[in-house]
Each structure stands twice: as structure tokens, then as C-alpha cells.
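K.L.:
First, the structure itself, so that you have it in front of you.
The values are calculated or read from the model by the stated rules, or taken from the named source; none is laboratory data. Keep in mind it's a predicted model, so treat the numbers as computed, not measured. Because the Cβ atoms are built from the backbone with ideal geometry, glycine has one as well, and the counts that use them run over all protein chains shown.
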Amino acid sequence: MKKLNISTLISFIFLLCMTLIWIFPLAWAFFSSFKDEVDIQTYGFSMLPVHWVITNYQDLLFDNSSTPVAKWFMNSMIISVTQTVMVLVVVSMAAYGYTRLRFKGRDWLFSFLLASMMFPAVVNLIPLYKIIDTLGWVNTYWAAIVPGAAAVFNVFLVRQFMIGIPLELDESARIDGANDFQIYTKVTLPLIKPVLTVVALFTFTSSWNDFLWPSIVFNDIDRMPITPGLQLLQGMYVTDIGHAMSAALIAIVPTFILYLFTQRYFLQSMSLSSGVKG
Amino acid sequence: MDVKLTENKRVDVLSPVSLKPRRKGFNVMPAVFIGPHLLLFALFFLIPIFFGVYISFTNWDLINTPEFVGLDNYKEILFHKESTFYTQLHTGLGNTFKFVIFTVPACIIIPLLLASALHVKPKGSKWFQAIFYLPVLFSISAVMIIWSMMFNVSFGPINHYFSSAPNWLGTQPYAWIALVVVTVWWGIGGNMIIYQAALNGVSKDYYEAASLDGAGRIQKFFHITLPSIKNQLLFTVVITTIAQFNIYGQALMLTKGGPSSSTTVLLMYIQQNAFGSGQSIAGIGSAMAVILGLCIMVVSIIQFFLLREKK
């Protein structure tokens, strides 16, 4: 019993120290976003602002055309929400097809999809740009929304979940005269809500945080989402810590709030995806 | 004739009566349900992959028709020592490998330590867990803005609290240390959760039996814990390595590839050649992407077999 307490204590101290390291950058970023530029130049490093100001946020959100953070934020919101909805529809339908419909070569086709995940995505970067360009989607939301819906992993995750749902429910609905669309919307969708929640959260956050791809397909400052936008902003506020920090914090607010309310889904899904493969 | 036949069948299949038995004949339902995803997959994943490999054998500016040049691009970047692209590939790939070698062990060991400490369930472990996972939710650009200020020489906290004050982002080996620190801070949450789940799955009986045999804590860790979570370790090593090979944002925004290209990674050169200012050199860029892609595939295969043999 005594030994157990010692290891608990050591663990606690270790975790506490690590937590401080993890929180420090965020805390300092938060306080710095309320610092006055003149104070930073005069006093150098400080943890707390000498004078609390909100001018950094005001400048970025309301009074700025070279780094339109409010516009970027809205662009990101539109892109991420639309992509999430699109992924949910496309993926759940595909998973229904791969588990509930019988057709020649079904499992072969799905194995092929899975195997394709081995291909490294770097190779398709340049051609994908050409395809998007040909479609006339450069500098449009579609460029950031649509290609992401092609991912196979989500289909895999939903299919895996659907396999665990007994077929009897479908069959009794079919006997009652329901067709596939009715079964899909009335029977399947309500049952797979847990896995769809996970897919939705992951799609939203990865869409919000996507960096390389949108920085290639957007060069119009007013159209781009916030994640590549911050790179431009960094170049303009190289030493202006107050503005840079407020912009970074604005960019992390949506996923942070999402995490506050749905933490358990995030944590649970990580073990879900590894359990399947591991 | 053929067309008509299938059309007839389609009409037939669509009627509710024939839907129920679902026997032979062409069924449109699969096409309706999996079609949308399959179409997106083909257009935005499969075709670009093959197209990308083909482009690497061409001379292309992203606008005109690609001109087939055989292995010229590969010869140039792999063997022509006087070519700038040769230098780019060797510097870029070398730095990418360095980044992988520096970060992957840290991204395995640190979350494993955290998960082991959390496994003892000290007070507040839920909070600790939530905080370590938090940065995973943030974009690379937001994280890099925060950390480039953290490392700032004149008003950053790191130089303030540590008396010796190196120019973190402008000199080596500090630039590499900064990149590793940032990457660990940003991305270990996922691995930590995986290890936590894995540790929960190890049967307590093993530990009790080992205790009876007089095994110490460290012996237990190496002889029971590690072998028991071998699968999850393999899985995380592979996904972490693949993720780190795609290093781009950290080097671009934190060290800007410097000092003097010592942290310029291959993806930065690929982006620059294909989409940078001036005429696009997409053929060379694609050849570099194919080489990077092959490295990713090879490494994951090697790792897979290595860890398998240790069984």
C-alpha cells in the first residue's frame, strides 16, 4: 500500500510539471493578446500585460484589409461546415452500400479502397491542383471542400461500425415494405449516430486546421480560410506579438469550444481507430 | 441492343417488387449508394496519384501539355551534381530524414511516459489527459505563431527564463531542438490516448505473477508492459513516421527553412517548384514528390517487418 502511494505521488508530480509546460505557451499567448504594443517594446518579456487592451482584437476583426481575419474566419466556417455535411452524407451512404447491399465484387472493391490508403498523398498534390484548376475551382470554397470528401478512412470507420449492427432490423423494415432509401434514413442513420458524431468532429477539425492544400489553392486574400491566412499574417506582424497572438487565438477558438463540449468523443475515437488496426 | 437490354433491366429493378428478392441482374442501388464516394475517390485521389507519377516523367509548367522526357527529371535530381534541383533534393530529403529521426522517438517515448503516469490514476488525471491532448486540436499555423514568439530572442519567455540566450531559430543545433520541442508539444496527444487504452487492456494477473517472482517496477515495464502493447507501439511508430515525413508547416513558419537551408524540408522545395513564384517546374516537383512518397512507403514496410520479427 505504501509503495502504491509513492508511485502515485511520483506520477502526479511528473504530470503536474508536464502540464505546466503544456499550458504555459497557451497562457502566455492569451495574456499577450491583451498587451499593448508600446508596452512590449518598453518592458520586454512579461507574463501579464502591464495595461490590458483589446485593441489587438479590434484591429484584426474590424479595421483591417491586408489581413481580414473576420473574413478568413467566416470562410473557414463555411468550408468546414459544408465539408462536414458533405462527408457525412457521402460516407454514410457508401458504408451502407458496402455493408447492406449485395453486388458483385463488393468486398474486392472495398479491399482495393483500403489498399489505396497505402499510397502517399504527397504524390497527388500537384495533379490535384491541376484538376481543381480545370474545374475552375481555384480561389473558390469548392477547392477546399470537395477533395477532402474522397478520403477512404471515414468510410472504413463507419462500415466497421455498421457491421456490428444486426441485419434483423433492416429485414423487418424490408418486410414492412421499406426500400433501401427508407431503411437507410429511418433505420440505419439513427443507429450509427455515435460513429457519425466522431466522423463529423474529426472532419470539422481537420478541415479547419488544413494548411498546405488551402495555401496552394487560395491566393486571393479575401477568399482564403484562416489557417493559411495566419501564415500571411505572421509575415506582416513579425515582432508584433500582441496582434500575432490575438490572431492565433481567434483561429483556435472554434476547435477549442468543440473540444470543451465533446471531449469524450475525441478521446474515445482515438482508441477506436487504433483498436481496429492495432 | 446491349444498351437497351440494360436499360430495360434498370427499369425493372427500380420497381419496388423486384427490389425485395434482389437476385440477378444489374442493381442500381449500389451505384446510387457507393457511387458518389467512388466518384470523388477516383477524381480526387486515384487519378491524381497516377497522373502525379506520370507527370514526374515529363517537363511541365502546369499550363501546357506535359512533354514526356523519360527519366530525365530523376537523373537530374538524383545525379546531376551541378543542378540546383540536385542540391534541393539532397538537402530537402536529408533534412526531412533528420526531422523524422529526431522527432519520432520523442513522439513515442514522451506520450508513453505520460500514459504510464496517467495509468496510475493520480488525482486530476482526467484534467492532465485533456490538457496534453488539447494542442492536437489546433492548426499548425496558429501553433507556430505562438511558438515563434515563445522562441523570440528579445521578448520571448524562453530566453527570459534561461540565463544563456541562444538565437533559437537562427543557429544550430537550437533550430532543430526548437522544431522537435514544438512538434512534441503539438502532436503527442493521439499517441498518448492510444497507449492509455493499450495499458488498460493489459491483464493485471501478469503483474501480480511478476511481483510474486520478485520483479521490480522497471523489469515489469520492459518484460510485461512493452511486449503486451507491442501492436499499438507498431501502429503508432508507423503512423507517426508517416506523419513526420510530411513535415512542412513547422519548418516553413518556425525556422523558415533556416539557418541557411539547414531545416528546409523536401515538401517546401516541392511546393516552391510547382507553385512558387515564376514559372512552374511541376515535372521536377512531381519527381521529388514521388521520391518522398516512395520513402514513406518503404519506411512503413521496413518498420512493419522489423517489429514483426521481434515476436
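K.L.:
Just checking, how many residues over region B:37-64 are surrounded by 20 or more Cβ atoms within 10 Å (Cβ to Cβ) and modelled with pLDDT under 90?
P.N.:
Result for region B:37-64: 0.
K.L.:
Exactly one of these conditions fails for B:SER125: (1) touching a residue at least 40 places away in the same chain (Cβ under 8 Å); (2) under 30 Å from A:LEU260 (Cβ atoms); (3) not hydrophobic (A, V, I, L, M, F, W, C). Give me its number.
P.N.:
Among (1) touching a residue at least 40 places away in the same chain (Cβ under 8 Å); (2) under 30 Å from A:LEU260 (Cβ atoms); (3) not hydrophobic (A, V, I, L, M, F, W, C), the lone unmet condition for B:SER125 is (1).
K.L.:
Now, a different point. Identify, by number, the condition in (1) away from every other protein chain (no Cβ under 11 Å); (2) assigned to a helix (DSSP H, G or I) that A:ASP39 doesn't meet.
P.N.:
(1)
K.L.:
Could you pull out every one of the helices (runs of 4 or more DSSP H) wholly within region B:194-311 that has 3 or more residues that are within 9 Å of chain A (Cβ to nearest Cβ) and out of contact with any His (no Cβ under 6 Å at 6 or more places or on another chain)?
P.N.:
B:230-245, B:266-275, B:282-309
K.L.:
With respect to the numbered conditions (1) within 11 Å of another protein chain (Cβ to nearest Cβ); (2) buried (at least 19 other Cβ atoms within 10 Å of the Cβ); (3) under 30 Å from B:ALA274 (Cα atoms), which one is the sole condition not fulfilled by A:ILE131?
P.N.:
A:ILE131 satisfies every listed condition except (2).
K.L.:
Which residue, of A:PRO166, A:PRO190, is surrounded by fewer than 18 Cβ atoms within 10 Å (Cβ to Cβ), part of a loop (DSSP other than H, G, I, E, B) and not basic (Lys, Arg)?
P.N.:
A:PRO166
K.L.:
Further, regarding this structure: Within region B:124-147, which residues are within 7 Å of another protein chain (Cβ to nearest Cβ) and either of a type in the set (Asp, Glu) or more than 22 Å from A:PHE266 (Cα to Cα) (or both)?
P.N.:
B:ILE145, B:ILE146, B:TRP147, listed by residue number.
K.L.:
Please indicate, with yes or no, whether at least one residue in region B:168-175 is under 30 Å from A:PRO228 (Cβ atoms), part of a helix (DSSP H, G or I), under 30 Å from the mean Cα position of the chain (by Cα) and without any contact (Cβ under 8 Å) to a residue 60 or more places away in the chain.
P.N.:
For region B:168-175, residues under 30 Å from A:PRO228 (Cβ atoms), part of a helix (DSSP H, G or I), under 30 Å from the mean Cα position of the chain (by Cα) and without any contact (Cβ under 8 Å) to a residue 60 or more places away in the chain: present.
K.L.:
Just the residues that are without any contact (Cβ under 8 Å) to a residue 40 or more places away in the chain and either more than 20 Å from B:VAL143 (Cβ to Cβ) or surrounded by 17 or more Cβ atoms within 10 Å (Cβ to Cβ) (or both), please, taken from region A:29-46. Working first, answer last.
P.N.:
In the first step, residues of region A:29-46 are kept if they are without any contact (Cβ under 8 Å) to a residue 40 or more places away in the chain; the result is A:31, A:38-39, A:41-46.
Correct list: A:VAL38, A:ASP39, A:GLN41, A:THR42, A:TYR43, A:GLY44, A:PHE45, A:SER46.
K.L.:
I would also like to ask the following. For region A:52-83, enumerate the residues that are touching a helix residue (DSSP H, G or I) at 6+ places or on another chain (Cβ under 9 Å) and of a type in the set (Gly, Ala, Ser).
P.N.:
Listed by number, the residues that qualify are A:SER66, A:ALA70, A:SER76, A:SER80.
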